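In what follows, a structure is listed as structure tokens, so that the remarks can point back to it.
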Amino acid sequence: MTILERVRSGEVPSEIAEVAAAEHVDAKTLAERVAAGRALVCANRSRRAERLVGIGEGLRTKVNANIGTSRDYAEVERELDKLDAATEAGADTVMDLSTGGDLRVIRKAIIERSKLPVGSVCIYEAAVRAVEDTGKGILEMTPDGMIDAFRVHAEDGVDFITLHAGVTRDVIAKLESMPRVCGIVSRGGTFLAEWVKHRGEENPYYARFDEVIEIAREHEVTLSLGDGLRPGALSDANDAAQVAELHVLADLARRAQASGVQVMIEGPGHMPVHLIAEHVRKQKTLCGGAPYYVLGPLVTDVAPGYDHITSAIGGAVAAAAGVDFLCYVTPSEHLSLPGPEEVRAGVFATRIAAHAGDVAKGIPGAADWDREFSELRRARDWDGQIATCIDPKLARELREKGRPHSEDVCSMCGEYCVFRVQDELD
């Protein structure tokens, strides 16, 4: 039986109990949320991550870090360095998005090294295989090859797999009837849309979704139903194609859950601040409260080099509105493949956004962390502040760099520190 089937039978599996203890929530309550499809625990049957992660209603907003090779940078060790950077910075999960080098070797190395649940995007492997096997292009992908890629990822121990099953013939027709500024920006979505259009066949991940479900059941893989039509420009947000795909994903989510497979839904992408909360509410209603996983959202298109900031702004708004899982964006987004330092910056920016959302949602312990830190700040306890803050390493470096003449203040205000003045004069 799968985790979802076990909780529906009234059991509280060890995976649920472990996550509940870490989150300071009641295990039975968490089991009920998982049974209803409003929360999940990523745990491939063949590999149990050192840190199990729960995602969904009533749980801390989680942060994912994307790593992975490209043709230009295909070194396994570089990706393991990025994995280590993401883990040390406090990511909850990582995803391997590799497209260069020996993909299976790279994936297995990441899975073996990672203490965290690992996700992947199986269509990348199907595309790379087709190119390498035929010497041609992605249009040489076959339906069997796409399903086999999903199966191999599941067998290798991947905990959650992005599946672009909502890029259907009808959804593509909707997009073509109302063109976008940036078209399709999802790599997996682009591969499948072009394949569907040129081959005249339905998306195999949609047409053969029952096979996908059986593989996911066998290996206890969580399906992350990918938004192949996510907007890549503010002008494209919430258009007819994006909404049409979301309806397809909602239907597929219900089918998977009915078969005992855990599901989350992926979302945008680029979206103006004022549209985010309403979009999240719509998704939650349409998808029955299924956990929602978003990239960003990025709230402006014009800040390459600072997109870890544009995404953190959107991520905080989204998390406060009910998003459960934030995919980080690094300063390298839209510009280059990130290295370890960009990974670190992206994780911290997104963790800040997630925590801000948790305070707004009333997640247990979220506001207590801020109060504890504020009390240390008022007491001018510098060691305590550094130990308690979200990035002690950076805080310590900045404190040392601008060390004041007096150790009980900072070098910005010095003797005019408001807390020191109050303590001396009250």
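The values are calculated or read from the model by the stated rules, or taken from the named source; none is laboratory data. Here the structure is a predicted model, which means the values were calculated and not measured. Every residue, glycine as well, gets a Cβ built from its backbone with ideal geometry; the counts of neighbours run over all protein chains shown.
Pairing each residue of the stretch 298-321 that is on the phi > 0 side of the Ramachandran plot with any residue that is surrounded by fewer than 24 Cβ atoms within 10 Å (Cβ to Cβ) and modelled with pLDDT of 95 or more, provided the two are 6+ apart or on different chains, yields C-beta distances under 6 Å for Gly305/Pro331. Please state which one of Asp133, Asp148 is more than 17 Å from Glu201 (Cα to Cα), of a type in the set (D, E, K, R) and touching a Lys or Arg at 6+ places or on another chain (Cβ under 9 Å). Just a single option satisfies the conditions, and that option is Asp148. Please determine whether any residue of the stretch 372-380 is more than 20 Å from Val53 (Cβ to Cβ) and either assigned by TED's automatic domain parsing to the domain that holds Thr310 or β-branched (Val, Ile, Thr) (or both). No, the stretch 372-380 contains no residue that is more than 20 Å from Val53 (Cβ to Cβ) and either assigned by TED's automatic domain parsing to the domain that holds Thr310 or β-branched (Val, Ile, Thr) (or both). Looking only at the stretch 79-96, filter to residues that are surrounded by fewer than 23 Cβ atoms within 10 Å (Cβ to Cβ) and free of Cβ contacts under 8 Å to residues at least 40 places away in the same chain; which one of those is nearest to Asp391 (Cα to Cα)? Applying the filter and picking the extreme gives Thr87. Meeting the requirement of 2 or more residues that are closer than 22 Å to Ala89 by Cβ, the helices (runs of 4 or more DSSP H) wholly within the stretch 351-426 are 366-378, 382-388, 392-401. A Cβ distance below 6 Å, combined with a sequence gap of six or more or placement on separate chains, defines the contacts here; from the stretch 240-266, residues that are within 14 Å of Gly289 (Cβ to Cβ) reach residues that are assigned to a helix (DSSP H, G or I) and modelled with pLDDT of 95 or more in the pairs Ala250/Leu286; Gln262/Leu4; Val263/Ala253; Val263/Ala256; Val263/Gln257; Ile265/Leu249.
Against the numbered list (1) over 26 Å from Ala345 (Cα atoms); (2) exposed (fewer than 15 other Cβ atoms within 10 Å of the Cβ); (3) polar (S, T, N, Q), Asn44 comes up short only at (2). Taken over the stretch 238-260, the criterion of being under 19 Å from the mean Cα position of the chain (by Cα) and either surrounded by fewer than 20 Cβ atoms within 10 Å (Cβ to Cβ) or aliphatic (A, V, I, L, M) (or both) is satisfied by Leu246, Leu249, Ala250, Ala253.
Would a scan of the stretch 204-211 turn up a residue that is of a type in the set (A, V, I, L, M, F, W, C) and under 27 Å from Met141 (Cβ atoms)? Checked against the condition, which is being of a type in the set (A, V, I, L, M, F, W, C) and under 27 Å from Met141 (Cβ atoms), the stretch 204-211 yields at least one hit.
Residues of the stretch 1-50 being among the acidic types (Asp, Glu) and either over 20 Å from Lys115 (Cβ atoms) or touching a residue at least 40 places away in the same chain (Cβ under 8 Å) (or both), which ones?
Result: Glu5, Glu11, Glu23, Asp26, Glu32, Glu50.
Only one of the listed residues (Val121, Val76) is touching a Leu at 6+ places or on another chain (Cβ under 9 Å) and either crowded, with 16+ Cβ neighbours inside 10 Å or outside the structural domain of Ala35 (by TED's automatic domain parsing) (or both). That residue is Val121. Screening the candidates Glu415, Glu400 for the property of being exposed (fewer than 11 other Cβ atoms within 10 Å of the Cβ), over 30 Å from the mean Cα position of the chain (by Cα) and on the phi < 0 side of the Ramachandran plot yields one hit, Glu400.
So which residues in the stretch 118-133 are of a type outside the set (Gly, Ala, Ser) and closer than 19 Å to Arg78 by Cα, if there are any at all? Listed by number, the list holds a single entry, Val118. For the stretch 162-182, the condition of being closer than 20 Å to Val41 by Cα and touching a helix residue (DSSP H, G or I) at 6+ places or on another chain (Cβ under 8 Å) holds for at least one residue. Scanning the stretch 264-306 for residues that are farther than 25 Å from Cys42 by Cβ, out of contact with any helix residue (DSSP H, G or I) (no Cβ under 6 Å at 6 or more places or on another chain) and buried (at least 24 other Cβ atoms within 10 Å of the Cβ) yields a total of 1.
Residues of the stretch 215-239 that are touching a Cys at 6+ places or on another chain (Cβ under 7 Å) and of a type in the set (Gly, Ala, Ser): Gly232, Ala233.
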